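**Student:** Just passing along the structure, written as C-alpha cells.
Bear in mind these aren't lab numbers, they're just calculated from the coordinates by the rules spelled out. Because the structure is predicted, anything quoted here is derived from the model rather than measured. Note: ideal-geometry Cβ built from the backbone for every residue, glycine included; neighbour counts use all protein chains shown.
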Amino acid sequence: MPDVLDSTPYDALLLLSFGGPEGPDDVVPFLENVTKGRGIPKERLKEVGQHYFLFGGVSPINDQNRALLDALRKDFAGHGLDLPVYWGNRNWAPYLTDTLRELVTDGHRRVLVLATSAYASYSGCRQYRENLADALATLEAEGLELPKVDKLRHYFNHPGFVRPMIDGVLKSLAELPADVRQNAQLAFTTHSIPTAAADTSGPVEEHGEGGSYVKQHLDVARLIVDAVAEETGVADRPWQLVYQSRSGAPHIPWLEPDICDHLEERHAAGAPAVVMVPIGFVSDHMEVLYDLDTEATAKAAELGLPVARSATVGADPRFAAAVRELVLERARGERGEDIRPCALGSLGPSHDLCPVGCCPARAPKPAAAGVDSPYA
C-alpha cells in the first residue's frame, strides 16, 4: 500500500477549464457565454461557430478534461493522496458556480484550483480568478458558507509539463520523411493575445515588451530545443515562437507572426519541413484541431511544405504526477514547512499568490486567489 500523503489544509482540488459545446445546439449558446457583454449579434456567432460545426458541434475539450480528471484521480489514489477532484468550467456545463456549490454542500472548506492554462496572462490567469470571485459572490448571496480558494502556481516550467512535450517533438520528427528530418525546423505555437495584454502580463516588475507571457513561452521553447538537440544530435535547429487563434478587431495590435504566415515565410526561405509545437495549450482542444491540424496543415499542403504537429500533454501520467507534486508543495507551504519548488529553465518557480497589478484587466474586477482577493 502507498504511504498516505498529506494535503492538509486542503480538502479538495478543483479542475477549472474553459468549457466547450457538446453538440450543434450548444454552439451558439456557448459562444454567447464566451462573448457575454460584447454585443456580438447571433448571426456573427453562427459564423464564428463554423469551426465547431466542422467537428459536429462538439469541442474535444470536455472529453479531454474528463480524461485528465480520471488521470488525476488514479494518480492520487495510486500514491495515497486522499483528495477528491471536482471539475467546473467558465463557459459551459459543468459550470464553475454549480461545482463550487457542490463542493460546499459536500462539506469542503479549503479548495485548491488547477486551471487548464499554464502561463501568466489576463485570459489565462486573472480572468479565471475573476470567475472564481463571481462564483463565490453568488454563493455568498445564497447564504452559503464560503470555502477558502487558492490557485496552484503556473506550471509552464514544471518537468511534468515540459517532458511530455519534448517527447512529442521527438516523435513528430521521427514521423517526418527521412530526407527532411535532419533539417526540419520547429514552430512553437501559443494563443495570440493583444500586445497590450502581453506587455502587462505577470507581476508589475515583469511588465514590458511581451511581459511574462512571452518570456515564459520562450523559456519553455528553449528547454525543448535544448533537449531535442541533445537527444537527436542535431544542434542549431532553427526555431521560433509564433502565434495562432487571433480573434480580436483588426485595428488592435496582437502578438505576431501568425502560424500560417510563418509557414509561408519558412517555405520561402527554403525550410525543408516544420514541426508545429503547441506549447501554449494543455490539450488538443478546438484551437489546436482547427488552427493547426486543419488551417495550418492546409496552408502547408498548399505550399508543398512537409509539416507535423506534436502532441500536447493532455492526460499524460507525468502531468498528473506534476499536479500531485504541486498540490503537496502548496500544502506544505500553507502548513509552514520548508518547500523546494520544482521548476526548469531560467525563470524559476512562479508565485503562489498573484500580486497586486498582476495581469490587470482594462476594467478592474474583484479576483479571488490573489493578494488582493476579497475572499482571503
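**Student:** Could you state the angle between the C-alpha long axis of helix 159-175 and the longest principal axis of the C-alpha atoms of the chain, as a value from 0 to 90 degrees rounded to the nearest 10?
**Tutor:** The helix 159-175 is inclined about 30 degrees to the chain.
**Student:** Once you order the gyration tensor axes a ≥ b ≥ c over the Cα atoms, which shape class does segment 69-117 get: rounded for a/c under 1.5, otherwise prolate or oblate by comparing a/b with b/c?
**Tutor:** Working: a/c = 2.30, a/b = 1.40, b/c = 1.65.
Oblate shape, in that a/c is at least 1.5 and b/c is the bigger or equal ratio.
**Student:** When the helices in the chain are scored as -39500 (n - 2.57) per DSSP H run of 4 or longer and the sum is shared across all residues, what 222 nm value do you end up with, to the nearest 500 deg cm²/dmol?
**Tutor:** Computed mean residue ellipticity for the chain: -11500 deg cm²/dmol.
**Student:** Then there's this: For a bin width of 5 Å, list the pair-distance distribution of segment 121-269 built from all Cα-Cα distances, rounded to whole %.
**Tutor:** Answer for segment 121-269: a P(r) of 2, 8, 14, 16, 17, 14, 11, 8, 5, 3, 2, 1, 0, 0 percent.
**Student:** Loop-only trypsin sites (Lys or Arg not before Pro) in segment 311-376, please: DSSP not H, G, I, E or B, and at most 16 other Cβ atoms within 10 Å.
**Tutor:** Of the trypsin sites (Lys or Arg not before Pro), the ones in loops of segment 311-376 whose Cβ has at most 16 other Cβ atoms within 10 Å are ARG335, ARG362.
**Student:** So, one more: Helix 211-232 versus the longest principal axis of the chain: what angle, 0 to 90°, nearest 10, using Cα atoms?
**Tutor:** Helix 211-232 sits roughly 60 degrees off the main axis of the chain.
**Student:** First measure r as the distance between the Cβ atoms of THR294 and ASP63, then evaluate 1/(1 + (r/R0)^6) with R0 = 22 Å and state the FRET efficiency to the nearest 0.05.
**Tutor:** Taking R0 as 22 Å, the efficiency between THR294 and ASP63 is 0.75.
**Student:** Using the Cα centre of the chain as origin and beta-carbon charges of +1 (Lys, Arg) and -1 (Asp, Glu), tell me which of ALA67, GLY304, VAL204 is placed farthest towards the positive end of the dipole.
**Tutor:** About the Cα centre, the residue reaching furthest to the positive side is VAL204.
**Student:** Once R0 is set to 22 Å, what does the formula 1/(1 + (r/R0)^6) return for the Cβ-Cβ distance between GLU302 and ASP179, expressed as a FRET efficiency to the nearest 0.05?
**Tutor:** The calculated FRET efficiency here is 0.60.
**Student:** On to the next question. List every residue whose amide H lies under 5 Å from the amide H of THR189, counting only residues 5 or more places away in sequence or on a different chain, with H placed 1.01 Å from N in the peptide plane.
**Tutor:** Under 5 Å from the amide H of THR189: VAL242, VAL277, ILE279, GLY280.
**Student:** Please pull out the direction-averaged projected area of the chain, using the convex hull of its alpha-carbon atoms, in nm² to one decimal place.
**Tutor:** Mean shadow area of the hull around the Cα atoms is 19.8 nm².
**Student:** While we're looking at this one, here's another question. Once you keep just the Cα pairs under 8 angstrom separated by 6 or more residues, what percentage relative contact order results for the chain?
**Tutor:** RCO, the chain: 23 percent.
**Student:** Could you give the angle, 0 to 90 degrees to the nearest 10, between helix 127-141's Cα long axis and the longest principal axis of the Cα atoms of the chain?
**Tutor:** Around 20 degrees separate the two axes.
**Student:** Using alpha carbons only, how many angstrom separate the centre of segment 158-184 from the centre of segment 306-336?
**Tutor:** Comparing the Cα centres of segment 158-184 and segment 306-336, I get a distance of 20 Å.
**Student:** Oh, and also: So if each residue of separation counts as 0.36 nm, and I subtract the Cα-Cα distance between ARG332 and VAL4, what length gain in nm does that give?
**Tutor:** Details: separation 328, 0.36 × 328 = 118.08 nm, distance 1.43 nm.
So the extension gain works out to 116.6 nm.
**Student:** To make sure I understand the rule: partners must be lysines, Cα under 25 Å from the Cα of LYS151, and not fewer than 8 residues away in the same chain. Which ones qualify?
**Tutor:** Excluding near neighbours in sequence, the set is LYS36, LYS74, LYS215, LYS365.
**Student:** What is the spin-label model distance, in nm, from ILE40 to VAL371 if the labels are put 7 Å beyond Cα along the C-beta direction?
**Tutor:** 3.4
**Student:** Please identify every one of the GluC sites (Glu not before Pro) in segment 89-181 that sits in a loop by DSSP and has no more than 12 other beta carbons within 10 Å of its own beta carbon.
**Tutor:** Of the GluC sites (Glu not before Pro), the ones in loops of segment 89-181 whose Cβ has at most 12 other Cβ atoms within 10 Å are GLU142, GLU145.
**Student:** Which lysines have a Cα less than 26 Å from the Cα of LYS299, not counting those fewer than 8 places away in the same chain?
**Tutor:** Correct list for LYS299: LYS46, LYS171.
**Student:** Around GLY211, under 11 Å between beta carbons, what's the net of Lys plus Arg minus Asp minus Glu among the other residues?
**Tutor:** -3
**Student:** Compare the peptides 156-165, 202-211 by average per-residue count of other Cβ atoms within 10 angstrom and give them in order, highest first.
**Tutor:** In descending order of packing, they fall as 156-165, 202-211.
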